[in-house]
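**Student:** After the structure tokens below, expect a handful of questions from me.
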Amino acid sequence: MGVVKGSFIARESLFKNHKYVVALNTTSEKYQAYVVLNPGDDINQVSLTPEMSYYTDDWTYGAISFKTDDARCNNSIYYENKCQDIITQLTAKIN
């Protein structure tokens with residue numbers, strides 16, 4: 001994803017015991033979001049698209065970030081729904 005410069009307005013939420021963040025870059029007026037993984041989450045359960053990135057750091061069990069360049073999708077509702085879709089895939093029971 002690269003380094004993003006600017007000021008951000010971010011909203012952190014919980015869905016199915018997973019934290020996700022939707023942020024608006026006030027300089028570029030573009031949204032981005034990420035879902036924080038919980039212990040035991042299997043990244044292989046998520047259908048990753050080219051707009052998604054998976055990364056790990058020293059503070060979490062990993063995160064899936066999401067950002068699209070499609071102007072039609074540049075709104076907080078789209079990003080919230082996308083995060084909730086990722087979490088639904090992570091928490092789906094596999095028989």
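The values are calculated or read from the model by the stated rules, or taken from the named source; none is laboratory data. Worth saying up front: this structure is predicted, and the values here are computed from it rather than measured. For neighbour counting, all protein chains shown are included, and Cβ atoms are generated from backbone atoms with ideal geometry for every residue, glycine included. Side chains are part of the model used for accessible areas, which takes the heavy atoms of the whole protein and leaves out ligands, DNA and RNA. Shrake-Rupley method; radii C 1.70, N 1.55, O 1.52, S 1.80 Å.
**Student:** Can you work out the PRE-style zone for LYS30? Point 7 Å along Cα to Cβ, and I want the residues of region 49-79 with backbone N under 19 Å.
**Tutor:** Residues 49-55, 64-79 qualify, since their backbone N sits under 19 Å from the label point.
**Student:** May I ask you to give the solvent-accessible area per residue for the chain, in square angstrom, as obtained with a 1.4 angstrom probe?
**Tutor:** About 65 Å² of surface per residue is accessible.
**Student:** Defining a contact as two alpha carbons under 8 Å apart and six or more residues distant in sequence, what relative contact order in percent does the chain show?
**Tutor:** 27
**Student:** What does the charge dipole of the chain about its Cα centre add up to, to the nearest 20 debye, if the Cβ of each Lys and Arg holds +1 and the Cβ of each Asp and Glu holds -1?
**Tutor:** Dipole size: approximately 180 debye.
**Student:** Further question: Short version: ³J(HN,Hα) in whole Hz for each residue of region 54-61, in order, from phi by Karplus 6.51 cos²θ - 1.76 cosθ + 1.60 (θ = phi - 60°), x for Gly and Pro, what are they?
**Tutor:** 10, 8, 10, 9, 7, 10, 10, 8
**Student:** Then there is this: Taking a label point 7 Å from the Cα of ALA71 along the Cα→Cβ vector, which residues of region 25-59 have an amide N closer than 20 Å to it?
**Tutor:** 25-32
**Student:** More than 22 Å apart: what percent of Cα pairs in the chain qualify?
**Tutor:** Details: 1101 of 4465 pairs.
Result: 25 percent of Cα pairs exceed 22 Å.
**Student:** Once the Cα atoms of helix 76-91 and of the chain are each reduced to a long axis, what angle between those two axes, in degrees from 0 to 90 to the nearest 10, is obtained?
**Tutor:** Orientation of helix 76-91: about 20 degrees from the principal axis.
**Student:** Moving on. If I model a spin label as a point 7 Å beyond the Cα along the Cα-Cβ vector, how far apart are those points for ASN17 and GLU51 in nm?
**Tutor:** Simple spin-label model gives 2.9 nm for this pair.
**Student:** Tell me the carbon and sulfur percent of the accessible area for the chain, rounded to whole percent, probe radius 1.4 Å.
**Tutor:** Numbers: 3090 of 6180 Å².
Carbon-and-sulfur percentage of accessible area, whole number: 50.
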